[in-house]
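Sending over a structure as C-alpha cells; questions will come in a sec.
The values are calculated or read from the model by the stated rules, or taken from the named source; none is laboratory data. The shown structure was predicted, so the numbers you read here are calculated from the model rather than taken from an experiment. Positions of Cβ are generated from backbone atoms using ideal geometry, with glycine treated the same way; all protein chains shown enter the neighbour counts. These accessible areas exclude ligands, DNA and RNA; they are computed on the full protein's heavy atoms, side chains included. Shrake-Rupley method; radii C 1.70, N 1.55, O 1.52, S 1.80 Å.
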Amino acid sequence: QGEGVARALAYWRARLAGAPVLELPTVQARPAVQGHAGATYRWAWPDALARAVEAVSRREGVTPFMTVLAVLTVVLHRYTGQTDVVVGTPISGRHQTEVEGLIGLFLNTLVLRTDVAGNPRFRELLTRVRTVALEAYEHQELPFERLVEVVQPERDLRRTPLFQVLLVVQHSGRPTIPLSGVRVTPERIDAGRAKFDLTLFVTQTPGAWEMALEYRTELFDEGFVARVAGHLTRVCEQVVGEPDVRVGALTLLTAAERRQVVDEWNATAPAVPAVPAVEAWVEQQVAARPDAVAVVSGETALTYDALNRRSNQLARWLRRTCGAPERVALLCDRSSDMVVGLLGSLKAGAAYVPLDPMYPDGRVRFMLQDARPQVVVTQARWAPRVAAAGLPVVCLDRRGEALAAAADTNLGVARRGADLLYIIYTSGSTGVPKGIALPQRAMGNLLAWYGATRPAAARTLQYASLSFDMASLEILSALCGGGTVVLVEPGLRQDLSALARFLTAQAVDTVMLPVTVADHLARELGRSRGPSPVRAIITAGEQLQVTPALVELATRTGCALHNFYGPSETHVVTAHQVAGAPATWPGRPPIGRPIAHTAIYLVDGSGELAPVGVPGELYIGGVGLAQGYWQRPGLTATRFVADAFSGRPGARLYRTGDVARWQADGTLEYLGRRDDQVKIRGYRVEVGEVEAVLAQCPGVDQAVVTVRGDAAQGTRLAAYVVGT
C-alpha cells in the first residue's frame, strides 16, 4: 500500500489543515479531562420517512448515508453557527475483494469535513457531501491513528482529536440462527460508555429505521439528546419533501417546542391595574403618606409633601418659561435637588436628559446639541458648563423669586404611555454616543412588575449615576412604592468600607449594584460580623457571579440575591432570585424569566428560533422597548426590527447582540456578546468608541482596546497603540 498511503497522506494533510473544533452546546460545563461515561437514546424513523430518504437519495445521485450525513451536518451547523463542520465515520476497510472473507478487524475511521457556507440549498449541500465522501473513500488507506500523527491537531484533553461527532449507518436484517430447541432474539445492550461527544447510529431495516444517539453523560442529559433526535427527524422530514429549501430556512423546532418558547415561556401578562404616568403614581403616594420621608441626602430629608411641592414649583416655572417643554437637561450633583429636578421635569410634561457632572465638557456639549433640550435644570456650580448652549437655566440650589413664588400644587398635565420619560446616552461603536429614548409605558410596566414582586416602602440606596438607566429604577421604585430614596454621600461610591457603615446607619434594606461592587460590599459587611439592614441585593449590568462573600452574607443575614438583566434600550426585562440554601447557589446563576408584558426570543444565525439548550441572539419584545435611538433613524431600523414571531401587527423586537440560551426549566442563561461591546463595573462600553477617539490622537496610527483584569482587581480597559 506504499503509494496509496503516500497519496492519502498528501490529501489528508491538505484536507484537514485548519480544521475547527465543533463547539457543541452542552448542558454541563465541559470538564478539563474528558470521561467516557455514556448513555444511549433510541427512537425510530417511520417507514414512510425511511422510504422518502431512499427516494430522494436515488433522485439526487447519492447514497442514504450521504443524505443522513447532510441532515446531521445541518443540525450541527444550526446548533453551533459554524459553517465548517467535521464529522467522523467508520469504514469497513475491505475495499478489495480479496480481503472480504478474511477474519479480523479491518475497520478504519474517516474524517468528513463539509462546508455549509453561503446558506446553500439542501440539494447543493448533498452535492458537497457527496464530493467529500467520495474523496474520503478514495483516500481511505491511511489508518486513523497515523492520520492524527500526520495532521497533528492541537491536542485538548477535553475532546477527541479531529472530530467530536461520529456517524454510523449500517444495514441490518434480523439475524436468524437455527438452533435446535433454542429461540434466539437480538438484545440491545447499553454499555454505559461513549467514545465521542455524540454518536448517531442509523440501522436501515426493512421497516422503520432504528435510530440511536450515544452521548457523554458528563456533557448532556437525556432531555437534550431527545431534542437533538427530534430536530434530526424534523429536518429530515422537510428536506425529503423539498430538497431546494435553503439550509437557513429549515425549522428545527417541533410544534410543541415552538409553542413552549413562543407562547408558554412568554406568557407574562399578569392581572395588574392600569399604570398611570410615573409622576402621577408618585402623587398617589404623596396623598397617602405626605409626612413620610421620601428622599434622604446627607443632612437633608424631604418628606413626600415637601418633595411634591418643590417639584410642582419647578414644573410650573418650566412651563411658564418654555411653554410645554419636551426635553429638560438635568445637570446636578447627587442630591435632593437631583430628585426634585427629575420629578419636576416629568410633572412639566417633559422627558429628562441626564448630564453627569463627571462627563468631559466635550461630551456634555455634544449631548446638549444632540438632545436639543428647551431648558437646563442645574446647580450654581455647574451653570458655567452649560452657559454656552444659550438655553434658559434654573439653579435649584439658588431658588430665585420666580421659582419660590410659583404655586406648589399639582399641575395635572395629561400624559400618554408613548410620551418620553428620558433620553439617556450610551457608548457608540463609531465614537459618537447615542441617545436612547424610553417612553413612559416602559418604565410604568417595569415599576408595576417591581412593585408586585418586591416589598413596599423599601429604603433604597441611590448608587448609580443618573446617566445610567438603573438610577431611574432606584429612584422611582422607591417613590412609587412609598419608600425612601437614600442618596449615597460623596466619596462613598469608592470607599466601600465607609459605604457599608453608611448603609447600617441609614437602615438601607435594598441596594442595586454592579456585581463587582456587590461582592466588595458583601466583604465589608462580612468583616463587621454585626447585623446588616440589607435584605435585598439586586445586581444588574454584568453577569452575576456568586462569590463566597455573597454566600456568607446571605447565610448569616438572610439577604436575598436578585439577578436583573436588560439593556438600556429596554431597561430590565428578565429577573431571577437565586433560590435555595446559599451553599448550593450556582457560580453563574441564570438571568431568569421575562418580566410582565415582555417577550424574549432567542434567534440563531439563520434567523430562526433557537431550540432549548442552543445559543441564540437575544431579541426583546413587549411594552418595555425604547422608541429607538434619538435622531438616529438608520440605527433604530437596524436594531429595532419587525417582530416575526408573535403575530402582532406592527410589533417590534430589539436585537440585543447578547447571546443566551433557554434552559429546560424556562430560565435564560446569559452566555456573552456577539460583538465587541463590554461591561465595565456595570457600564456599557463600545470599545470602538474608545478606539475611534484614540485614533484621533497625534502620533497614533492604530489602536485596539480590550478588557483586562481579574476577580481581585476588577475589570478595566487596556489600550494598545501603534505609532505613526
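Name the long-range amide H neighbours of Glu242: under 5 Å, sequence gap of 5 or more, or other chain; modelled H, no Pro or chain starts.
none
Sort the stretch 1-123 into rounded, prolate or oblate with this rule: let a ≥ b ≥ c be the square roots of the eigenvalues of the Cα gyration tensor; rounded if a/c is under 1.5, and if a/c is not under 1.5, prolate when a/b is larger than b/c, oblate otherwise. Please list the in-between numbers first.
On the way: a/c = 1.36, a/b = 1.14, b/c = 1.20.
In terms of gyration-tensor shape, rounded.
Follow-up question, since we're still on this one. Counting only residues 5 or more places away or on other chains, whose amide H sits under 5 Å from the amide H of Thr303 once H atoms are built in the peptide plane?
Ala294
Sticking with this structure for a sec: With unit charges on the beta carbon (Lys/Arg positive, Asp/Glu negative), name the residue among Ala718, Val148, Val5 whose Cα is farthest towards the positive pole of the charge dipole of the chain.
So the residue we want is Ala718.
Under 1.5 on a/c is rounded, so check that first for the stretch 475-600, then, if it is not, pick prolate when a/b is larger than b/c and oblate when it is not; a ≥ b ≥ c are the square roots of the alpha carbon gyration tensor eigenvalues. Please report the intermediate quantities before stating the final value.
Numbers: a/c = 1.79, a/b = 1.22, b/c = 1.46.
Since a/c reaches 1.5 but b/c is at least a/b, the shape of the stretch 475-600 is classed as oblate.
Residues with amide H under 5 Å of Ala351's amide H, sequence separation 5 or more or different chain, H placed in the peptide plane at 1.01 Å from N; which?
Arg327, Val328
Right, something else. Kindly identify the stretch 317-438 as rounded, prolate or oblate by the Cα gyration tensor criterion: order the square roots of the eigenvalues as a ≥ b ≥ c, call it rounded if a/c is under 1.5, otherwise compare a/b with b/c, prolate if a/b is larger, else oblate. It would help to have the intermediate numbers written out before the result.
Details: a/c = 1.99, a/b = 1.29, b/c = 1.54.
It comes out oblate by the Cα gyration axes.
Could you name the aspartates and glutamates in cross-link range of Lys679, using Cα to Cα under 19 Å and dropping any fewer than eight places away on the same chain?
Here the aspartates and glutamates satisfying the reach criterion relative to Lys679 are Asp356, Asp469, Asp519, Glu542, Glu569, Glu617, Asp658, Glu669, Glu689, Glu691, Asp710.
In deg cm²/dmol, rounded to 500, what helix-only [θ] at 222 nm does the chain give when every DSSP H run of at least 4 residues adds -39500 (n - 2.57) and the total is split over its residues?
Numbers: 20 runs with 233 residues, N = 724.
Helices in the chain give a 222 nm mean residue ellipticity of -10000 deg cm²/dmol.
Would you work out which of Ala267, Ala522, Leu446 lies farthest towards the positive end of the dipole of the chain, given +1 charges on the beta-carbon of Lys and Arg and -1 on that of Asp and Glu, about the Cα centre?
The residue sitting most towards the positive pole is Leu446.
Also: Please give the helix 548-557 orientation as an angle from the longest Cα principal axis of the chain, in degrees from 0 to 90, rounded to the nearest 10.
For helix 548-557, the angle is close to 60 degrees.
Apply the Karplus parameterisation 6.51 cos²θ - 1.76 cosθ + 1.60, with θ equal to phi minus 60°, to every residue of the stretch 201-212 and state each ³J(HN,Hα) to the nearest whole Hz, in sequence, with x for glycine and proline.
9, 10, 10, 7, 9, x, x, 5, 7, 8, 10, 8
A follow-up question, please. Could you name the lysines in cross-link range of Lys347, using Cα to Cα under 28 Å and dropping any fewer than eight places away on the same chain?
Lys434
Residues of the chain: accessible area per residue at 1.4 Å, in Å²? Numbers along the way, then the final one.
On the way: 31070 Å² over 724 residues.
Accessible surface, normalised per residue, equals 43 Å².
Further question: Calculate one ³J(HN,Hα) per residue across the stretch 120-126 by plugging θ = phi - 60° into the Karplus curve 6.51 cos²θ - 1.76 cosθ + 1.60, and present them in order as whole Hz with x for glycine and proline.
Values per residue, Gly and Pro as x: x, 6, 4, 4, 5, 4, 4 Hz.
Rounded to whole Hz and in sequence order, give me ³J(HN,Hα) for the stretch 382-396 from the Karplus expression 6.51 cos²θ - 1.76 cosθ + 1.60, θ = phi - 60°, writing x for Gly and Pro.
Per residue, the Karplus-derived 3J(HN,Hα) values read 9, 4, x, 6, 10, 4, 5, 6, x, 9, x, 10, 10, 9, 5 Hz.
With axes computed from alpha carbons, what is the tilt in degrees of helix 440-453 against the longest principal axis of the chain, rounded to the nearest 10 within 0 to 90?
The answer is roughly 80 degrees.
May I pose another question? How high is the relative contact order of the stretch 215-318? Use alpha-carbon pairs under 8 Å, at least six apart in sequence, and give a whole percent.
Values: 45 pairs, mean separation 13.8, N = 104.
Once divided by the residue count of the stretch 215-318, the mean separation gives 13 percent.
Turning to a different aspect of this structure: Here are several values of volume of the Cα convex hull per residue in Å³: [x] 179; [y] 217; [z] 203. Which one was derived from the coordinates shown?
From the options [x] 179; [y] 217; [z] 203, the structure gives [z].
While we're here: Per 0.36 nm of contour for each residue apart, how much would the distance between Ser528 and Ile103 grow if the chain were fully extended, relative to their Cα-Cα spacing? Please report the intermediate quantities before stating the final value.
On the way: separation 425, 0.36 × 425 = 153.00 nm, distance 7.65 nm.
Gain in length upon complete extension: 145.4 nm.
With angles folded into 0 to 90 degrees, how steeply does helix 222-241 sit against the dominant principal axis of the chain? Use alpha carbons for both and round to 10.
On a 0 to 90 degree scale, this one is about 70.
Between Rg and the Kirkwood Rh of the stretch 548-629, both from Cα atoms, what is the Rg to Rh ratio? Mind showing how you got there, number by number?
On the way: Rg = 15.7 Å, Rh = 14.7 Å.
Rounded to two decimals, Rg over Rh is 1.07.
Hey, got the dipole for the stretch 595-724? About the Cα centre, +1 on K and R Cβ, -1 on D and E Cβ, debye to the nearest 20? Display every interim value, and only then the final one.
Numbers: 13 positive and 14 negative charges, 71 e Å.
So the dipole magnitude of the stretch 595-724 works out to roughly 340 debye.
In the chain, if the dipole is taken from +1 on Lys/Arg beta carbons and -1 on Asp/Glu beta carbons about the Cα centre, which of Ser568, Phe220, Ala50 is farthest to the positive end?
Ser568
Do you know the relative contact order of the chain, to the nearest whole percent, from alpha carbon pairs under 8 angstrom that are 6+ apart? Walk me through the numbers before you get to the answer.
Working: 1394 pairs, mean separation 75.6, N = 724.
Averaging sequence separation for qualifying contacts and normalising by length gives 10 percent for the chain.
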